[in-house]
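For reference, the structure is listed below as structure tokens.
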């Protein structure tokens, strides 16, 4: 079955470029396009996409609020944010709103396709170096310390799960975490799954966000 993709961007040329790349893939099809978040919400239901490629800065309704509204829907598609990063100070908010990850708009086609497939399969796209730069830049702009309930949830974790969470928050892949802690990748994957369940989180992106919000990891990626 093809991955049904919706493109949301106010730049027609960008949408055209993405559509051409996706149309060349045997396992993907573009089922809808929108020029802003408001239009995206209008066509979302009939189009029934699996993955939404969402720009952030758009007229009428920006990508952050559109992502929040989409992810609040039952059976919502995955949202993959496309950002220019240097100009875009809303990407972190989009992750908090429920996006499953983000990519830079100038990402090579192969990486974009890989990201779409990963998000569709239920994973989160967290590019380590980009994630650290983004969070290091935007963490000082976030609200004050997280509330007590959020920190209390961290207390549900075992010592090993806490170690794994810290490494996830630093942008480490399962393979890198396995090497660091001398574990198998399968074991790391099990730990990550338990962390998501105990903390009531959807994916690795939300693990990163919570770790920064609660102060487990500070700007710079250090615990």
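A few comments on the model shown:
- Those residues of the stretch 17-34 which are at pLDDT 95 or above and under 19 Å from residue 57 (Cβ atoms), in sequence order: 33, 34
- Any hit, the stretch 54-77, residues being closer than 27 Å to residue 214 by Cα and within 10 Å of the chain's Cα centre (by Cα): no
- Tally, over the stretch 19-36, of residues that are assigned to a helix (DSSP H, G or I) and closer than 17 Å to residue 105 by Cβ: 4
Residue-by-condition table, conditions (1) in contact with a strand residue (DSSP E or B) (Cβ under 7 Å, 6 or more places away or on another chain); (2) modelled with pLDDT of 85 or more:
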residue: 78; (1), (2): yes, yes
residue: 93; (1), (2): no, no
residue: 107; (1), (2): no, no
residue: 126; (1), (2): yes, no
residue: 139; (1), (2): no, no
residue: 158; (1), (2): no, yes
residue: 163; (1), (2): no, yes
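- Residue 112 being at pLDDT 70 or above, more than 14 Å from the chain's Cα centre (by Cα) and crowded, with 18+ Cβ neighbours inside 10 Å: no
- Scanning the stretch 32-53 for residues that are surrounded by 20 or more Cβ atoms within 10 Å (Cβ to Cβ) and within 15 Å of the chain's Cα centre (by Cα) returns 51, 52, 53.
The values are calculated or read from the model by the stated rules, or taken from the named source; none is laboratory data. Because the structure is a prediction, the values reported are computed rather than measured. In this analysis, Cβ positions are derived from the backbone assuming ideal geometry, glycine residues included, and neighbour counts consider all displayed protein chains.
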